[in-house]
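Colleague: Quick one: the structure is below, questions incoming.
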Amino acid sequence: METDPKPSYRPLFLIGENDITLDDKSRLLVPAEFRKEIAEARSNEKVLICRIGANRNAWLYPENYYRELIAQRRATLTPGEDEEAFNEAYYGMVFRLQWDGQGRVLLPEKLIKRTGLKKELTIVGSGDHLVIWNRDEWERRAQMRADTMGQVTEKAKQTETTTPGSA
């Protein structure tokens, strides 16, 4: 019996930032350019996995991509404390979100409380995922990044020259 071949996806390229608003029903509009990139890169996928990432922000991944990332971990029948912590964070404390016909997703109340999300938000592309920031916090972060861009660039250059296999 022949199995269906694994779909081939192109890498995600989620870039830029968009100011958005959390409506009174706890929905936010995923900007069209992000939805288009996810659909084109991931075979019309409309389901996102949301987890709490660094800085207690909400991180959004296309579901099949998240499954691929998680599948790279080795499972064990007798997990230790570190493995339990990982499982709780990456399996237990995640939410499946599906955008509606207008491109909105409903954010669960638990997620809003745990991340401290307010009404005025910015959704930021981070290559393979999206990050939802409170707008005021993102503006401070973006300003700090702009102020330190030279240092960030220099560190990246140093990493490139010391990475095995780099030219």
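Colleague: Report whether or not Thr162 is crowded, with 18+ Cβ neighbours inside 10 Å and either out of contact with any strand residue (DSSP E or B) (no Cβ under 9 Å at 6 or more places or on another chain) or closer than 28 Å to Ala41 by Cβ (or both).
Modeller: Answer is no for this residue.
Colleague: Run down Gly127, Gly92, Gly116 and say which single residue is at positive phi, out of contact with any helix residue (DSSP H, G or I) (no Cβ under 7 Å at 6 or more places or on another chain), surrounded by fewer than 14 Cβ atoms within 10 Å (Cβ to Cβ) and not hydrophobic (A, V, I, L, M, F, W, C).
Modeller: Numbers: Gly92 fails: at positive phi; Gly116 fails: out of contact with any helix residue (DSSP H, G or I) (no Cβ under 7 Å at 6 or more places or on another chain).
Checking each option against the conditions leaves just Gly127.
Colleague: Run down Val152, Val131 and say which single residue is free of Cβ contacts under 8 Å to residues at least 24 places away in the same chain and among the β-branched types (Val, Ile, Thr).
Modeller: Working: Val131 fails: free of Cβ contacts under 8 Å to residues at least 24 places away in the same chain.
The conditions single out Val152.
Colleague: Please go through (1) outside any helix (DSSP H, G or I); (2) over 25 Å from Glu109 (Cβ atoms) for Tyr61 and return the number of the only condition it doesn't satisfy.
Modeller: (2)
Colleague: Further question on the same structure: Taking the stretch 57-105 as the region of interest, how many residues are over 23 Å from Leu14 (Cβ atoms) and in contact with a Pro (Cβ under 7 Å, 6 or more places away or on another chain)?
Modeller: 1
Colleague: Considering the stretch 21-53 alone, what residues qualify as being crowded, with 17+ Cβ neighbours inside 10 Å and assigned to a loop (DSSP other than H, G, I, E, B)?
Modeller: Within the stretch 21-53, Leu22, Val30, Pro31, Arg42, Glu45, Lys46, Gly53 meet the criteria.
Colleague: Determine if the stretch 68-87 includes at least one residue that is under 29 Å from Lys119 (Cβ atoms) and of a type in the set (Gly, Ala, Ser).
Modeller: Checking the stretch 68-87: not a single residue is under 29 Å from Lys119 (Cβ atoms) and of a type in the set (Gly, Ala, Ser).
Colleague: Testing Leu12 on (1) closer than 19 Å to Leu111 by Cα; (2) buried (at least 18 other Cβ atoms within 10 Å of the Cβ), one condition comes back false. Which one is that?
Modeller: It is condition (1) that Leu12 fails.
Colleague: Please pick out the residue among Asn87, Asn18, Asn57, Asn64 that is farther than 16 Å from Val131 by Cα, surrounded by 12 or more Cβ atoms within 10 Å (Cβ to Cβ) and either over 17 Å from the mean Cα position of the chain (by Cα) or modelled with pLDDT of 95 or more (or both).
Modeller: Asn87
Colleague: Moving on to the next point. In this structure, does Arg73 turn out to be of a type outside the set (A, V, I, L, M, F, W, C), farther than 14 Å from Leu130 by Cβ and exposed (fewer than 13 other Cβ atoms within 10 Å of the Cβ)?
Modeller: Judged against the criteria, Arg73 is a match.
The values are calculated or read from the model by the stated rules, or taken from the named source; none is laboratory data. Just so it is clear, the structure is predicted and the values come from calculations on it, not from any experiment. As a convention, Cβ positions derive from the backbone with ideal geometry for all residues, glycine included, and neighbour counts pool all protein chains shown.
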